[in-house]
Amino acid sequence: MKTMHRLALAATAFVGIAAAAIGAARADDMNDPYRQPALDALKGKSIVYLPISIGFDLAQAWGGVVKTEAERYGMKFKSQDPNWNTGAMAQGLTSLIAEKPDVIVTQNPDLQSLARLLKQANAAGIVVIQMNMQGAVQTDAFVGPDFIAMGEQAAKMVVAKCGKGTETSHKVSIVQGVLTGGVSYYQVQGIKKVFEANPEIKVVSSQAADWDASKARAITETVLQQNPDLCGVIDVWDGQGVGTGAAIKQAGKQDQVYFVTSGGGAQSMCDRLADGTFSAAINYDAPGMGRDAFTAISAVLQAKQKAGTMKFQLYSPTRVMTKADVKAGTCWDPEQYAKLLR
Amino acid sequence: MKRQGDGRRMRVWTRYFNQERIVFALTVLLLILFALTLPKFLAPSNLLSLVRSVAVLGILGLGMLVVVLGRGIDLSLVATMAISVAWSLQLAASGLSVASAMGIGLLLALGMSLVTGILIAYAEIPSLFATLAMATFVYGFGRAHLITGTDVVYLPPNIGMLAGLGQGALFGIPMPIVVAAVVALIAYLFLRYTKPGRFIYAIGDNLASARIGGVPVRPILVAQYVIAGGIAFVAGLVTATSAEAMNTRVVNSNMIYDVILVVVLGGVGLSGGRGNVRNVIVGALLIGVLMNGMTIMDVQYTIQNVIKSLILLLAIVVDSILNPRDEQTGQQGDI
């Protein structure tokens, strides 16, 4: 009887321990109290993506990454393609404000065109993330490189090759994009600041190529004709820099002219570095910017504050690349992201 | 008696100064002005780069000339050029041989312009509307189904010899100029010495009487647009190989107006039947001298556009003063 009693006791103890263990395991399952609120803050929210155009590498990478992450968290993602038409973009934005999605990810064609509309969107409770080209208004987040610093960096690289103490003509040419576009406008500010501090540098030309490689080629060809002893060229975007580089190559001056440009690190950038069209390029990693944009969306939605309450600038890390840095897989393939957006 | 003689002399003088000659005089004037004020403007290398910078515009202008002479207009030239060549480059990049990729692109350009021609010649849709619609269609279709990656298609590394079309030189003359010259020569011979060429003038002059005279009006109209499409493809190849990329965004730019500008500036009548290859060359040269001079002076392109349009207005105003509209243009209108 005594043994029976002891056995029952042991059995009870065993069951008790087992139950406790299983219970503990279940409590462990429930023990991340922060995950569910975070998921709930994101789930079902809608993001609309409205860049200047979905046809170019940067916008494809940003949108592709944001879409992938949005879908991971059960968010709705929609994109609109105004195809470089500022009017269509303003119209799209106006109807979006009426439609009231939770988040708009956009990119300003210039400093002013969308500024008022972005403010309205914020006032209507829509979170607004601005990519790469900030307008004349600050919204929830700006994601992009610090273009003034990047302009300074590019200018310093050119000063090192063409400045005081070098046996060159000190002549430099700048190829701008669209005069009032943020990427161009702020970079040129930074470039000018450095060149003013280095008065030996002579800027022989500073013209806008309208983001078009053919125009950049024609401008640079003429500049090289007028200044055969040109020492350095800065182009504010690698997409049009292809044309600038082609002009330098066709003039047979690749050894003489130091050519710096910048871009998001698509395969075309690596190709041009490898074949010597670009002497150096500042890479601001467009897929990384897509990640930053989603991080910003996630942070703002979880903070559950009114749109436009927190305002921050998320400056993208940059990296200077030369031919030596180009290896297989260093750059990314825009087609891979374009497919996601189609 | 004396006054009458004066009037006649005046008329002879104004008749000599038609738009082509006014524009040519303007070009020479600007040349002299720039040569005196800008260093190295007259250097042979600069003059070559001047002509080179308008070579593509000139080639497209020749395509436009063929159409305008038959009292049409082709607003889809730039779209055809961009999409057909960009598609060719993309096909070549995806592993197709360069020759077949180019062949397919050319077929696309010819096919699209064949459709345009049929719409105009057989469906009798005014060329202005038909080509405007086709431009949007070609671009939209191309971007949606053919050029699926980025809207700028870079020159693939396997392009080989073809790159010489934009980058090479023949006896020191850059290839784009050579190509433009060859296209101009062919266009000249075609328009002047072949039967279809003369028919185009006849149709542009008076379509009804050309038809009564036995000209196969509709096939000739179709042929005009197909020729223009083929020329657009050549212009696209030169653009793509010299800038090492074909940017399909040019379709949204005002390039097509620049093409019309070159043609009209040189004195080709939009009412058809009036003009020749020389007009296009003169128009392109003026634009070339202007753009080159302004780039040397570091003038921004927005201001360049203003100056360009002022020059066009000036040429048209001077022409309309010296050559007042006659009864015929008064009745038909300009397009």
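Some points to look at:
- Residue check, A:Asn198 out of contact with any helix residue (DSSP H, G or I) (no Cβ under 8 Å at 6 or more places or on another chain) and either modelled with pLDDT under 95 or within 14 Å of chain B (Cβ to nearest Cβ) (or both): no
- The number of residues in the range A:293-317 that are among the β-branched types (Val, Ile, Thr), surrounded by fewer than 19 Cβ atoms within 10 Å (Cβ to Cβ) and at pLDDT 90 or above comes to 1.
- Condition broken by B:Ile125, with the remaining ones in (1) hydrophobic (A, V, I, L, M, F, W, C); (2) more than 26 Å from B:Pro216 (Cα to Cα); (3) assigned to a loop (DSSP other than H, G, I, E, B) satisfied: (2)
- Taking the conditions (1) more than 8 Å from every other protein chain (Cβ to nearest Cβ); (2) closer than 28 Å to A:Asp57 by Cβ; (3) over 23 Å from the mean Cα position of the chain (by Cα) in turn, A:Gly177 satisfies each one other than (3).
- Selection of first residues in the range A:175-186 that are at pLDDT 90 or above and in a strand (DSSP E or B) and of second residues that are of a type in the set (Asp, Glu) and buried (at least 21 other Cβ atoms within 10 Å of the Cβ), restricted to Cβ pairs under 6 Å at least 6 apart or on distinct chains, gives the following pairs, ordered by first then second residue: A:Val175/A:Asp235.
- Scope the range A:110-125; condition surrounded by fewer than 24 Cβ atoms within 10 Å (Cβ to Cβ) and in a loop (DSSP other than H, G, I, E, B); matching residues: A:Asp110, A:Leu111, A:Gln112, A:Ser113, A:Ala124, A:Gly125
- In the range A:202-212, the condition of being among the hydrophobic types (A, V, I, L, M, F, W, C) and either more than 11 Å from every other protein chain (Cβ to nearest Cβ) or assigned to a helix (DSSP H, G or I) (or both) is met by no residue.
- Remark: pairs (first residue in the range A:226-255, surrounded by fewer than 21 Cβ atoms within 10 Å (Cβ to Cβ); second residue among the aromatic types (Phe, Trp, Tyr) and in a loop (DSSP other than H, G, I, E, B); Cβ separation under 8 Å; 6+ apart in sequence or on different chains) are absent.
Here is a yes/no grid of residues against (1) part of a helix (DSSP H, G or I); (2) in contact (Cβ under 8 Å) with a residue 12 or more places away in the chain; (3) within 14 Å of chain B (Cβ to nearest Cβ):
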position: A:Val260; (1), (2), (3): no, yes, no
position: A:Cys270; (1), (2), (3): yes, yes, yes
position: A:Phe278; (1), (2), (3): no, yes, yes
position: A:Gly288; (1), (2), (3): yes, yes, no
position: A:Ala293; (1), (2), (3): yes, yes, no
position: A:Ser298; (1), (2), (3): yes, yes, no
position: A:Gln302; (1), (2), (3): yes, yes, no
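- Checking the range B:160-181 against the condition returns no match, with no residue being under 30 Å from B:Asn252 (Cα atoms), out of contact with any helix residue (DSSP H, G or I) (no Cβ under 7 Å at 6 or more places or on another chain), in a helix (DSSP H, G or I) and within 14 Å of chain A (Cβ to nearest Cβ).
- Of all residues in the range B:233-265, those being part of a helix (DSSP H, G or I) and under 21 Å from B:Val68 (Cα atoms) number 16.
- Applying the condition of being buried (at least 23 other Cβ atoms within 10 Å of the Cβ) and touching a Gly at 6+ places or on another chain (Cβ under 9 Å) to the range B:266-280 and asking which residue is farthest from B:Gly58 (Cα to Cα) yields B:Gly272.
The values are calculated or read from the model by the stated rules, or taken from the named source; none is laboratory data. Note that this is a predicted model, so its numbers are computed, not measured. In this analysis, Cβ positions are derived from the backbone assuming ideal geometry, glycine residues included, and neighbour counts consider all displayed protein chains.
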